[in-house]
Every structure is written in structure tokens, then in C-alpha cells.
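The values are calculated or read from the model by the stated rules, or taken from the named source; none is laboratory data. Values in this document were obtained by computation on a predicted structure and should not be read as measured data. Here Cβ is always computed from backbone atoms with ideal geometry, including for glycine, and neighbour counts include all displayed protein chains.
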């Protein structure tokens with residue numbers, strides 16, 4: 001115990017004794033009182049809430065994003081409660097209305113849509129152990145939450161009835177997994193909008209408390225958004241399940257990441273040729289032939305520009321010096337003006353002077369460059385003269 005609390009009715013007391021004893025007033029309540037285990041009624045008499053720390057800094061630690069390790073264990077053992085507002089339950093229930101009713105009329109006190117919405121809420125709160133934990137979670141819901149799920153009232157007590165283990169057992173075994181997945185994906189799109197992820201991760205896991213049942217799921221790499229799940233068939237493995245999942249996803253132009261188990265020719269062909277996607281696959285020692293082939297093909301080697309043997313001794317981060325042009329000295333190659341190469345005009349003039357020097361040294365221009373220009377001079381020589389201002 002790290003903090004204690006008490007309530008003070010301001011119509012009769014001011015809380016002076018608590019104040020001088022080191023208590024702190026947090027504020028006033030909303031004016032509701034409990035009249036049953038999970039039912040409250042307004043009484044229009046708000047009370048003051050006072051607290052006192054038994055451990056120094058307890059209030060600050062309780063407000064932190066993560067509790068201290070010793071306190072976190074206590075919170076993990078606390079019963080799971082649903083904190084979802086009624087209006088958000090309604091949006092989920094509207095999507096579950098598409099699920100067909102497969103039970104007899106006597107069981108309609110708990111509609112399939114409400115039962116499936118309740119199971120989704122329980123899963124989001126961490127309930128994963130089956131109908132017994134689902135029934136315990138349902139008992140923690142308030143009357144307004146149960147009513148928002150469409151459950152009927154008991155004629156004798158007037159309270160909304162709560163489903164038990166048998167009701168959950170029948171619903172869990174009577175609905176197809178594809179129907180439930182379609183409903184959940186539509187609800188997710190309604191809440192989050194269209195999928196924006198361009199990187200998709202596909203992986204398989206063994207479901208806890210499910211006697212070895214395996215699932216293969218797809219998630220968005222940027223947002224962690226769930227995109228679909230396929231159950232692994234009996235006496236099979238994750239490879240065909242992942243291929244069925246690929247057929248159901250929108251992957252055009254996206255990149256798919258898979259572990260070494262899914263490094264298969266058929267999976268790669270399906271991603272590229274049928275779904276228009278890219279893939280990133282891991283390779284381990286098995287299959288041995290593929291691993292040996294990649295080790296030979298993907299040896300460590302230099303990449304351009306370091307691939308040139310003449311540049312092998314250059315320090316990292318440097319670029320090779322441009323090759324020397326015939327007849328250019330260092331000043332003409334780099335230019336003596338401002339900037340890296342002295343400006344465009346200086347660069348052209350330097351090349352023109354180099355050409356004239358080559359002609360003076362007995363190295364005429366090639367025959368295909370001796371055609372006459374519009375001004376009567378040789379084409380290349382005329383252009384050089386114009387650059388020099390001749």
C-alpha cells in the first residue's frame with residue numbers, strides 16, 4: 001500500500017484535520033454513488049477526494065508511463081476491466097451486425113454481434129485463455145456497457161443479463177474465421193483509415209493455450225497494423241499458409257519481409273509475378289545449395305568508384321582526380337577564376353587553347369571534324385576561334 005484515500009462531504013465538513021495531517025485534496029467527485037456491485041446512480045452530492053502518500057513520491061510514480069518493477073507485478077495480478085467507452089462499443093457492434101445468427105431463438109438473449117464484439121474487447125484487454133476468462137471479463141462490465149452490446153434484461157431483476165461460459169463456447173465454435181476476420185478488418189479501416197504501410201512483415205507464431213495451433217499473420221512495418229491472419233492446417237506448416245495469406249493481401253508496389261522458413265521459389269514467384277510486390281528473405285544453411293550459391297555470388301568486393309584498381313589506395317571518402325586533357329596545364333585544367341573550375345567560359349577557353357596547341361604541334365583534327373562551318377572556316381576551328389574572340 002503506497003497511497004490511501006478518503007472522501008469528505010463538504011456540506012458537513014471542511015477537511016481541516018486531513019489538511020494539517022499531510023493529506024492533499026485532489027478535487028471533487030462527479031456525484032455518483034454505487035447501489036450495486038457494478039451499478040451507479042447519481043445523488044447530486046459531490047464529495048471531496050483526499051489522498052496521503054505512505055511512500056515518498058508515490059503519486060509521481062503512479063503517474064509515470066511505467067510503474068516500478070515491484071509495483072508492476074501487483075498491477076499484472078489485478079482483474080482485467082473494460083475501459084472502452086460506450087460510443088466506441090457501438091462502432092464495433094455496427095460492424096459485427098453482418099455476422100449471421102446460427103443459434104436457436106432461445107439463445108437470442110445474447111446476440112451473435114454483441115458476443116463477438118465482447119470477445120474482441122476482451123482480446124484487446126489481454127484476455128486470451130478461453131471461455132472461462134471471457135465470462136469473468138463479461139462480469140466486470142457495467143450495466144451500460146452490457147446494454148450497449150444488445151444484451152437483454154432479466155424480467156425478474158430488471159438488470160441486463162451477463163453471458164456465461166456456455167454462451168461463449170457456442171459462439172467461439174460456430175462462426176467461421178474468415179467471417180470474423182472480414183468484420184475486424186472493416187472495423188479497423190473505419191477507425192484508422194486506409195492502409196498506408198509500404199513495408200509488410202509476414203511471420204508465424206504458435207498460439208498460446210491453444211494446444212499447438214499455429215497462425216501466420218501480416219503486419220504493417222511502419223505502423224504495426226494487423227492486416228490478416230491464416231491458420232496453419234493440420235499436418236502442414238507455415239509455408240502454404242503464408243502463400244494463402246499473400247493471395248489475400250494488397251501488395252502491389254510494396255515490400256514484403258519474411259524469415260528463412262519462407263525462402264521458397266513458389267513464394268517468391270507469387271509475390272513478384274502474381275501480386276506485384278518486392279521481397280526480402282533471409283537465407284540460412286538450409287537449403288544448403290542456395291546458401292553456397294549466394295556465398296559465391298555475393299562475395300565482398302569494391303563498389304564504384306572504388307571498384308577501379310587504380311583507385312584502390314585512395315583513402316575513404318575521397319574522389320579520384322579527373323584525367324589530364326592533352327595540352328592542359330594545371331592552371332588551365334582547374335581554371336584561375338572563382339569557383340571549382342573557374343566558370344564555364346574559362347573552361348571552354350582552356351579547351352580551345354589546348355586544341356590550337358595540338359594543331360600547332362602537328363596533330364590536326366580528325367577528318368570527320370574538318371567540315372566547313374557557316375563562316376567559311378573549319379567547323380571545329382571556327383568554334384574555337386569564336387570562343388577566343390578571333
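Among the numbered criteria (1) over 23 Å from residue 79 (Cα atoms); (2) surrounded by fewer than 15 Cβ atoms within 10 Å (Cβ to Cβ), which single criterion is violated by residue 159?
Going through (1) over 23 Å from residue 79 (Cα atoms); (2) surrounded by fewer than 15 Cβ atoms within 10 Å (Cβ to Cβ) one by one, residue 159 breaks only (1).
Among the residues of segment 67-82, count how many are exposed (fewer than 10 other Cβ atoms within 10 Å of the Cβ) and at pLDDT below 80.
Kept after step one, since they are exposed (fewer than 10 other Cβ atoms within 10 Å of the Cβ), are these residues of segment 67-82: 69-70, 75-79.
Okay, now just the ones that are also at pLDDT below 80, so 75-79.
Number of matching residues: 5.
Taking segment 218-233, which residues are touching a residue at least 24 places away in the same chain (Cβ under 8 Å) and farther than 11 Å from residue 249 by Cα? Give the steps one after another, and end with the answer.
Restricting attention to segment 218-233, the residues satisfying the condition of being touching a residue at least 24 places away in the same chain (Cβ under 8 Å) are 218, 220-223, 225-229, 231-232.
If the condition is that a residue be touching a residue at least 24 places away in the same chain (Cβ under 8 Å) and farther than 11 Å from residue 249 by Cα, then 220, 221, 222, 223, 225, 226, 231, 232 are the ones that fit.
Any idea which of (1) surrounded by fewer than 17 Cβ atoms within 10 Å (Cβ to Cβ); (2) within 28 Å of the chain's Cα centre (by Cα); (3) touching a residue at least 24 places away in the same chain (Cβ under 8 Å); (4) closer than 28 Å to residue 212 by Cβ is the one residue 123 doesn't satisfy?
Failed condition: (3).
Taking the criterion of being assigned to a helix (DSSP H, G or I), touching a strand residue (DSSP E or B) at 6+ places or on another chain (Cβ under 8 Å) and modelled with pLDDT of 85 or more, would at least one residue in segment 84-99 satisfy it?
So the first thing to find is which residues in segment 84-99 are assigned to a helix (DSSP H, G or I), and the list is 86-96.
Of the ones still in play, those that are also touching a strand residue (DSSP E or B) at 6+ places or on another chain (Cβ under 8 Å) are none.
No, the conditions are met nowhere in segment 84-99.
Any residue that is farther than 17 Å from residue 151 by Cα, surrounded by fewer than 12 Cβ atoms within 10 Å (Cβ to Cβ), in contact with a strand residue (DSSP E or B) (Cβ under 7 Å, 6 or more places away or on another chain) and in contact (Cβ under 8 Å) with a residue 12 or more places away in the chain - is there at least one of those in segment 51-66?
For segment 51-66, residues farther than 17 Å from residue 151 by Cα, surrounded by fewer than 12 Cβ atoms within 10 Å (Cβ to Cβ), in contact with a strand residue (DSSP E or B) (Cβ under 7 Å, 6 or more places away or on another chain) and in contact (Cβ under 8 Å) with a residue 12 or more places away in the chain: present.
Taking segment 234-269, which residues are under 22 Å from the mean Cα position of the chain (by Cα), more than 25 Å from residue 284 (Cβ to Cβ) and free of Cβ contacts under 8 Å to residues at least 40 places away in the same chain?
Of everything in segment 234-269, those that are under 22 Å from the mean Cα position of the chain (by Cα), more than 25 Å from residue 284 (Cβ to Cβ) and free of Cβ contacts under 8 Å to residues at least 40 places away in the same chain turn out to be 247, 248, 252.
Is it true that some residue in segment 26-37 is in contact with a strand residue (DSSP E or B) (Cβ under 8 Å, 6 or more places away or on another chain), farther than 24 Å from residue 4 by Cβ and not in a helix (DSSP H, G or I)?
Yes: segment 26-37 contains one or more residues that are in contact with a strand residue (DSSP E or B) (Cβ under 8 Å, 6 or more places away or on another chain), farther than 24 Å from residue 4 by Cβ and not in a helix (DSSP H, G or I).
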